[in-house]
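Report on one structure; see the data block that follows.
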Amino acid sequence: MITRVGLSNWIVEALKFYGGSASIVEICKYVWENYAEQLRESGDLFYTWQYEIRWAAGTLRKQGIMKPVEISPQGIWELL
């Protein structure tokens, strides 16, 4: 079953796929297109994964994996 940590891994994977930066919509599309079945099997997370993915992005920023919101273009997530 996928967890918040797993979502973090998927965000990094999606950002790498898009060359290091992408919009939240692109990231969510990537996750859905590649991991829909795992999301369906994730219990309650299935109903909250798009909220949880934002939480996971915040954690990635705190860990220094993603750029802070203040230095990325609005609506764009970027790897450091």
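Worth pointing out:
- Checking each residue in the range 51-77 for being open to solvent by 30 Å² or more (accessible area, probe 1.4 Å), of a type outside the set (Ser, Thr, Tyr) and under 11 Å from the mean Cα position of the chain (by Cα) picks out Arg54, Trp55.
- Selected residue [touching a Leu at 6+ places or on another chain (Cβ under 7 Å), at pLDDT 95 or above and not small (Gly, Ala, Ser)] from Ile76, Ile11, Ile24: Ile11
- Looking across the range 18-50, the residues that are assigned to a strand (DSSP E or B) and open to solvent by less than 40 Å² (accessible area, probe 1.4 Å) come down to Ala22, Ser23.
- If you go through the range 22-67 and keep only what is of a type in the set (Val, Ile, Thr) and farther than 14 Å from Arg4 by Cα, you end up with Ile24, Val25, Ile27, Ile65.
The values are calculated or read from the model by the stated rules, or taken from the named source; none is laboratory data. The structure displayed is predicted, hence computed values, not measured ones. All Cβ positions, even for glycine, are placed from backbone atoms using ideal geometry, and neighbour counts span all protein chains on display. To get the accessible areas, we keep the full protein, side chains included, count just its heavy atoms, and leave off ligands, DNA and RNA. Shrake-Rupley method; radii C 1.70, N 1.55, O 1.52, S 1.80 Å.
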